[in-house]
Every structure is written in structure tokens, then in C-alpha cells.
Amino acid sequence: MADPSPKPARVQLFATCLVEAFFPETALAAVELIEREGVEVVFPAGQTCCGQPAYNAGHRNEARAAARRQLSALAGDLPVVVPSASCAGMMKHHYPRLFSDPAEREAAERLAHRVVEFGEFLVRGLGVRLRDAGPPLRVAWHSSCHALREMGVVPFAKALLAGLARVDVVPLRRETECCGFGGIFAVKHPALSAAMAEDKLADLAATGAERLIAGDCGCLLHLRGAIEARGLPLRVQHLAEFLRERVHGG
Amino acid sequence: MPEHARDRILARLRRAPREAQPPDDAATPQAPAPGGGAAAALEAALAAMRAEVQRLPREGWAGELRERLRGRGLSSLLYARGTPWAPALEEAWAAGPEGPPVLAAWEGTVEEFRDRLFAADAAITRAEAAAADPGVLVLRPGPAEPRLLSLVPPVHVVLVPGERIFGTLEEALAGGGFAPPLPANLVLVSGPSKTADIELTLAFGVHGPRELLVFILE
Amino acid sequence: MGDSGFEARIEQALADAGLRRNFASAMGSFAARRLAVFPDAAALERLREQGAAARRRALARLPELLEELERALVGNGIHVHWAETAAVGNRIVLEILEAHGVRRVVKGKSMVSEEMHLNAFLARHGIDAVETDLGEFIIQLAGETPSHIIVPAVHKNRAQIARLFHEKIPGTPYTEEVAELNAVARRTLRRMFREAGAGLSGVNFAVAATGTLCLVENEGNGRMCTGVPPLHIAVMGIEKVIERLEDLPPLLRLLTGSATGQRVTTYVNLISGPRRAGDPDGPREVHVVLLDNGRSAVYADPELRATLQCIRCGCCLNHCPVYTRIGGHAYGTTYPGPIGKVLTPQLAGLERAGGLPFASTLCGACEEVCPVKIPLTRLLRRLREETVQAGAAGGAGAGAIERLAWRGYGLSAQHPRLYRLLFACGRWLGGLMPPVAALERWGRAHAEPRFARLSLRRLFRKRGIPDA
């Protein structure tokens, strides 16, 4: 997975709405891991939500409006690092489809070209080698649907985890099955959404791992809510936060 | 009026925006030629589907076949008189020692023969061709050989000429003499009849034959 | 809008531990077998490309191809009928049967006949249509509809089937032995094959170049239905036509491998005509009913047209996290699962079925396995857009509150200050959940999400991350 292109001097961070609202530590961890490699991170403050919730709910106009905002906020030539495969996928694969105007479509395609998911950026963009300073720990990995099927970035996350000397990654029996979040799905079909979360957590419990690592905060929000509602002795964590924790020996 | 339905349906379809037709795909990715030849691969595929496969020498095949069918509890073997291999069967049965199965000929039309057909316990047909991948026999019923011979009796015996075994179904259809006009019925058979509709538990012979005995003529 | 009973049926299905276990196990088994029969991922991908291309090629020429098919079928001596709606299709079948004085029909498995509710229609007119596929036979006895496209009785265990046979088939003792249950079905149906005046079947593929109907099966009941009675009537959706015989082998491999993980079905039945002069057996008459029933409307939309590529393998069902948890009946539609969620709103209309495409997380597992590469997530999303627009136009669609919510979303996404203000409110109020019923139900299974204590922007400023 060696990347021939040189390390960028600076990148933009697209934090994502879920990170800003519920998991800012994820963004902080991502920034730290990038800065450690000598790369400067900027956070264009004009960013908001990528528009995927509206897009997936069939509200194309609202999605397009959100996309325009991000196109404006993320203007420039820098790589755009996104700690979420679903948001990265939205911008990379779906933004161009939102616009019929050729100029806007071209702008969307230029942005799409710059967007890179966080795990992929660490491995291919930065070639990181992380020194695991933490105690022995057993974790499991959840492949979020977009990471797996749309962005194809799961191998990068797995490589990063495999590179942690004292972390044992135990396979989930149904690693690639959806956690049941699906944005509005969780609201329109709560019973199903809850059942899927339940199964994912049962799968986790069966591995004996105390922690579930994933690259998407939608999954994490959903699973964390289910864990807390039932008082389970389990924990979910974003890949960025986990890597940062391990590097600090925590 | 039926004609109007046809015209309306076609008109609606024609009004739809046309799209560029996808390019014609390249030739089927051919599976590599099986080691040991197509016959061995065919045998393995059929056996995996629970057919029983044996080889017969071309010289005296009918007598040998008769011997192999003894002791299987078959009382009779139905066959079609008008086929090129029928005389060999008749000769072998006329020659050898007595004993079941008795050779019995299909007579007339299915309307006339139905009761005897449903009462028979075995029938023999030939395969027009075979394909090792995915493991099928191509049956070509016609005036000489009724289609129901290979379906109704619980045991189906099939003769497969070794030289008619192709590597793939694509090859068999292309090179096996199946140019149009096609006969009223062609059947690909890969094994005995089966079902798994009850708790996904495999069972054989629900409606079609429960045993498929394949004899490859070498 | 749409099916208010859907959510209730979902919850009922989720609460049925036995059903969940049956389905999870069956679907898991199919998924595993599929991987076993397609061990080489690259080869499978090439095969899927081939299958997708064959289907798209046929659809690109659909009207011409249907005419070609008709010519070839008629040239082979097969009668061709065109039906715009299911009601017309049912009537055509009835007329043919009545013209031949048929009182009992033996039926092979046909999803399109389920779509038409053909059996019930014939029953109302005094004609008994007996299902002969074992799974269909079982559910017919039970008075139910199929719960899966390929294995219609997968929701039933052997005890349920044993009781069904014992109660519904005269002279049948109670037994849970699978071999004996199969023997009962065989005996019962064998008599029917012999005595029925006609056989009814579906069509897996209709080959335009040769005028051939291709039917696949494992049991032999299909060959019985289409080979023993003197009359055979086949019903097919107009999208099932393919160009030539050479298209069959890859599509057959994809169909059987994707459906049940088999390399090939026991039988592939290729029918190119009724009994010819000199043939000792075969039906004397063969009819085909070409059914539109909304397919031409699907065809009219170049994006949604991909729906018609479907070869009815059921693979998307087998891999869908929703379907595998609730089974087919919960959907309340002829076609369940991902393809059902895409096809039904188009055939039955958004008013009745516009909610179905929302019963999905868009996880993409279906699309990943579809043997003919139907872009299911794109179609689901598109149909959601259609439903939303129908609502905007005053028809079925998102309710007023929902539309308002999304308008609000749009505003906040366009205005960073408003966006951050909302998060701040969430922080101060300890939550931003409006007292809406749907969110409350979600809340029962989830602890309320905790808004972050500090704004990211402030955190970044503290750390010296520039605003760009």
C-alpha cells in the first residue's frame, strides 16, 4: 500500500457533524495524529454537515444546499481529511451527482478528488508507523457499511490496528453486517434498528473483547446509545481516538 | 382486444428514452480445460449432485449394462424402440441369462402409455451431449425418445457417449448441434430430483427420478 | 401514507424468536453456500459483469426483442398473449382453461402468478390450481403466501409441516420424518400431475432468438407440469426476455449460484414448442402470457429501468440485514427484501408502497451480491426522493413536520453560525430531541445522545488549529 506521492505540508480537516456534535475528541485525536507526522491541519470554520442525512432521506434540494456550503468552505487545493467513510463517500461519490450545472459539477469533482478518509490518509498519505505504548488489550473491529462497500478503506484501518503490537484484534462473527443506524432508518424503524444494534453488541460480547473500534461516528453513536440504555460493560471508540490513546500509552 | 394490448405495451416501451446499448461482452471467460479430461470432471460434478456414474466399454456395452443393472431391485427397464441404440439393448436382453430387469418398450403416445409409464420403476435414455462445467447431461427427446422417460420412473439410466462430453455448457450449446430450430423440448439434467424445502433438509426423488445412473461410453 | 401495519408486523416478526432463528440460519446458510460455489472473487466479478451486460443489452432493445420473441414463439407453434394488467392476464388464463374444459391445474412455482393473485382468481371461477413445488404446496395448504422468493416455506419448521399434512391431506398420519413428509407430497401430487387438465408455470428466461422458454428447478415438478398435461400455460413478466441462447449459461450460473449456492439446478427445461408431429409426448398446446402490469412504466425511467434487470434469484434477500430479521411476510408484498422495496413502489404506486424504500439502512449488502449488478442503493434513494416529492406535491410523502425538519436542516447546513448555535442549544438543553413519537420510540432503545461539552471550534482555537 505504498503511496508514491509525497507527504502534503498541510491538510484541511472536515470534522463531520456527528463529530462536532457528539465526538469532538475524535477530531482532536485525528489532528494530533496528523500533526505528529509534521503535517499542518487547518479547520475551515465555514464547514457544516456534508448533506448525507438529507440525501439519503430523499431530500435532494437540502442535500445540494449543504453540498454548496462545503464546496465553498473547503475551497482550495489541499487534501481534505475526513474521519468518516460515510461523509467522505458522500463528498467523493455523490457530490458530483448532485449538480447539473457544469461549473458546479466540476467544482464538486475537484473536491471529490481531494477528499480522503482518515485511515486511508494515515496509511497511504502519511505512511505512519505507530508505536504502541499501551497495555495489552483485546478489541474488535466493526466495518461500517460505507467504509467497506463504498470507500473500500477497511484494509487501511485493519493495517493500522495490526500495527499495534499489544492490541489483539478479535474477529466479530458478523463483522460486515450493518449496525442498524442508517440515519433516518433509526428513527423510522426503531425496533429494527435496535435489534440490529443488539445483535452487533451480542457479537461483540461473544468475542470477549471489551472494546469495539469503528471508523464512523454514526455507528458509534448508535451503538453507544444502545450500550448505555442497557448498561452493558462494553465500550465503542473511534479509530482515531483509539490510536491516539495507544500512542500515549493510555 | 388483444392486438391493442400488444400495441399499447410496445408503444409505451418505444416511447421510453433510448440508452446506448452496452457493448457486446467478450467471449465467456472459459474455465481452464480440466486435467484428466472432461469425462473425469463430468463424473466428479455428477457425483457431487448424487448421481451414480460408471464407465462402459463401447464394445458390448449393452450386455455389460445389463449385468450392472442386475441385483438393483429393478423389475423392468423402459426404453424407446426407435432409437439407434435400441437394437443393441434388445440384442443384449435377448442373449443373456434371464432375470430382472425386464426390457420393456414404450408404445404409442403418452395418452396410451400413461398407466404403464407411471408404474415403471426404471427407464433408459441417451444424452445428446454433456458438459463437465457445470456438470449437466443434455437430453434431446423427440419422435424417437419420449421426454417423460427421463422424468417419471424413479430410476433414470442415461447413456453418455464419451465423445459428446464438452468442457463447458457454452461449448456444448455452441458445438453440440443445437442450432435452431430447437426441438420442442431440451432438458439439462445434473442429478436426481431433490428438494430442501422442509427445514433445508436435502431429500431426493420428490417428483423426478430419485436415482440417476449415468453410464459413460468410452 | 402507505402501509401503517408494516411497523407492527416488523415488531411482531422481531418478537418471534423462532422465526428469527429460522431465517437467520437459512439465510446464513445460503450466503455461505454462495461463497463456496463462487470461490474466486475475480471470476465472480467477471461473471456478474457478463450477467449485467446480458440483462442491460436485452433491456436496451426491449420492444424489438419482445417482437422478435413473439415471432419466434409463434413460429414454434406457441400461442402468445399480451396482458397490460394482472386482471387481464388472469382473464386470459381463465379463458384458455375454460376453452379446454379444465377444472384442475397443476402449477409450478411462479412469482409473477403470485403478483397476479392468479390462484385466488381461478378459485373464484371454480378452477382448482394446485401448487406442486413442495414449498408452495406447503404454504398453499396453510393458506399463506410465500415468505421468500426461492424457498417459500422457509419460515415453517417440520413440526408445523407435519401438523399441516396430517390435518389437510386425508389419510396422512402425523410424522415429522422429512423423508415421509416428502413421500406424502409426492404421492398426492403424482396423482394430480396425471389427472390435471393443464399445467401452469412461470418462465425464468425467454430466449428471443430461438423462441425458447427456459425454466429451472430441482424437484421435477416443473417438468411434470409442463410435460404431462395436454395444455401448458406459461406466464412471464415482459422483462424476462433475453437475446440469445448463448446468454443462458452465464445467467444460469449466476441464478443458481446466487439463489441457493448450487452450481446448477437439477433440471433446466428448455421448451421451444408443443408436441411436434411424431413426438410421443409433450403438451398439445403451449401458451405464453406476456405481462406488463406496470413494467413498461418502470422501463420509461432510464434510471429506474435497472429494476427490470432482476432475475429473481433472491440473493439480495439472503444478505439483507432487514429481511433476515423479519422474513418475507412482514413486508406484506409479493416481492419482499431489497428488490421488493424497489419494485413494489413502482408497480403498486407510491401511495401504497412509498414507505418501503425507507425500511433500509442503505448498507449496500444487497448490491454487493446482486448477480446482475442492479444499483439497489441508488434505486432505493431515488424512490425516497420520489416519495418526498410526491409529498411536496400534496400526495403521499413526508408529513408536514418532517418536511419542516428537513427545511430546518437545510438552513443550518447552509449557515455555519446557525449550525453551531443548534449544537450549543443541544449542550445547554441537555438534549435536542423534539417530543416526536418516532424519536421517542428510538429513545426507548437508546440512551439519549450526549452533546459534546465544548464546541470543536473552541477546542481547536485553544490548540491553535487555524480556521483556514
Packing-based ranking, highest mean first, of A:221-230, C:258-267 given that Cβ atoms within 10 Å are counted
C:258-267, A:221-230
Residue exposure sequence - A:Val11, C:Val289 - by fewest surrounding Cβ within 10 Å
A:Val11, C:Val289
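So what is the 222 nm mean residue ellipticity for the protein assembly as shown from helices alone, if each DSSP H run of at least 4 adds -39500 (n - 2.57) and you divide by all residues, rounding to the nearest 500 deg cm²/dmol? Walk me through the numbers on the way to the answer.
Working: 41 runs with 426 residues, N = 936.
Mean residue ellipticity, 222 nm, calculated: -13500 deg cm²/dmol.
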Quick calc: nm separation of the 7 Å Cα→Cβ label points for A:Ala75 and C:His125 -> 6.9
What number comes out for the charge environment of B:Gly37, summing +1 per Lys or Arg and -1 per Asp or Glu over other residues with Cβ under 11 Å away?
-2
The base-10 log of I(q)/I(0) that the Debye equation returns for the range A:10-124 at q = 0.18, 0.20, 0.22 Å⁻¹, one scatterer per C-alpha, is -0.85, -1.04, -1.24
Given +1 on the Cβ of Lys and Arg, -1 on the Cβ of Asp and Glu, and no further charges, what dipole in debye does the range C:152-302 carry about its Cα centre, rounded to the nearest 20?
440
J(HN,Hα) series, the range C:283-293, from Karplus relation 6.51 cos²θ - 1.76 cosθ + 1.60, nearest Hz, glycine and proline x:
x, 7, 9, 10, 10, 10, 9, 8, 9, 8, 6
With a 10 Å Cβ neighbour count serving as the proxy for reagent exposure, in which order, fewest first, do B:Trp61, C:Trp428, B:Trp106 appear?
C:Trp428, B:Trp61, B:Trp106
Quick calc, chain B, dipole around Cα centre from Cβ unit charges on Lys, Arg (+) and Asp, Glu (-), nearest 20 debye, gives 560
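Net charge near A:His113: determine it from the other residues with C-beta under 11 Å of the C-beta of A:His113, scoring Lys and Arg +1 and Asp and Glu -1.
That sum, taken over residues with Cβ under 11 Å, equals 0.
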Quick one: angle between helix C:337-348 and the longest Cα principal axis of chain C, in degrees between 0 and 90, rounded to 10, please.
80
Between helix C:400-414 and chain C: long-axis angle, C-alpha atoms, 0 to 90°, nearest 10:
60
Cα-based helix-to-principal-axis angle, C:376-392 vs chain C, degrees rounded to 10
70
Pick out, in residue order, every one of the chymotrypsin sites (Phe, Trp or Tyr not before Pro) in the range C:141-223 that is DSSP loop and has at most 15 other C-beta atoms within 10 Å; say none if there are none.
C:Tyr174
Computed about the Cα centre, the charge dipole of the protein assembly as shown from +1 Lys/Arg and -1 Asp/Glu charges at the Cβ has a magnitude in debye, to the nearest 20, of 2860
By counting other Cβ atoms within 10 Å of each Cβ, how are A:Lys92, C:Lys462, C:Lys373 ranked from fewest to most?
C:Lys462, C:Lys373, A:Lys92
Any number yet on Rg/Rh for chain A, C-alpha, Kirkwood?
0.96
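Report the Rg/Rh value for the range B:91-157, based on alpha-carbon coordinates and the Kirkwood definition of Rh. Intermediate results must be reported in sequence, preceding the final value.
Working: Rg = 13.7 Å, Rh = 13.5 Å.
Radius of gyration over Kirkwood radius for the range B:91-157 works out to 1.01.
Give me the net charge for the shell around A:Leu137: Cβ to Cβ below 13 angstrom, other residues only, Lys and Arg +1, Asp and Glu -1.
+1
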For A:Val41, distant residues with modelled amide H under 5 Å away
A:Val11
Could I have the simple spin-label model distance between C:Ala43 and C:Arg71, label points 7 Å from Cα toward Cβ, reported in nm to one decimal?
3.8
Please list the radius of gyration and Dmax for the protein assembly as shown, considering alpha-carbon atoms only, with Å as the unit.
30.9, 104
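Give the whole-number value, in cubic angstrom per residue, of the convex hull volume spanned by the C-alpha atoms of the range A:113-250. Numbers along the way, then the final one.
Values: hull volume 14.4 nm³, N = 138.
Here the figure is 105 Å³ per residue.
No lab work stands behind these numbers, since they all come straight from the coordinates. No experiment lies behind these values; they were computed from the predicted model shown. Cβ: placed from backbone, ideal geometry, glycine included. Neighbour counts: every protein chain shown.
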